[in-house]
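Comments concern the structure below.
The values are calculated or read from the model by the stated rules, or taken from the named source; none is laboratory data. Treat the numbers as computed from the prediction; the structure is a model and nothing was measured. Note that each Cβ is placed from the backbone with ideal geometry, even for glycine, and that neighbours are counted across all protein chains shown.
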Amino acid sequence: MEFGCAQCYGEDAETVMEYCTKNLETTQRIVSDSHFGVSVRKCPECGQEFIAIFTEFVDWQGGDDAQYFDIVPVTPIEVKYFLEADLVIRELGKLGHARRRVSSDWPTGGTYQVSWKHGTFHVEEGH
């Protein structure tokens, strides 16, 4: 299965993350919370749709809150499923099966990293 274009799904993860965060158009918000957000986004160049998942875990101490952001390409059928069904958070991680996703990790006390990740992944609501 082919996903995206050179801008939204190219080889360099940092370049792709920067492009996606600045240029993908939010077409639907599925969950909109200050510590957890799920949205459908679309590439203005090629029309590829993505599910974007933002999670923040507030540590309530030093303000160095862990933040994670995953941008997963999806098919039109998958978008339709998530928009029509009652959202089941744990099912979002299944979107990683058989495809890569660009991901940023910024753990509490850690350094910011952007990379390509593969396979299913754990999705948990932030707090």
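The strands (runs of 3 or more DSSP E) found entirely in the stretch 1-66 that carry 3 or more residues being touching a residue at least 60 places away in the same chain (Cβ under 8 Å) and either touching a helix residue (DSSP H, G or I) at 6+ places or on another chain (Cβ under 7 Å) or surrounded by 13 or more Cβ atoms within 10 Å (Cβ to Cβ) (or both) are 49-57.
Criterion applied to Gln67, Gln48, Gln61, Gln7 was being farther than 26 Å from Thr111 by Cα and not aromatic (Phe, Trp, Tyr), and the one residue passing it is Gln48. Quickly run through the stretch 67-84 and pick out the residues that are among the aromatic types (Phe, Trp, Tyr) and exposed (fewer than 14 other Cβ atoms within 10 Å of the Cβ). Correct list: Tyr81 only. Just one residue in the set Gly47, Gly96 is small (Gly, Ala, Ser) and modelled with pLDDT under 80; that residue is Gly96. Contact map, the stretch 72-100: residues that are of a type in the set (Lys, Arg) paired with residues that are modelled with pLDDT of 85 or more and loosely packed, with under 13 Cβ neighbours inside 10 Å, Cβ distance under 6 Å, separation 6+ or inter-chain. Pairs shown: Arg100/His118.
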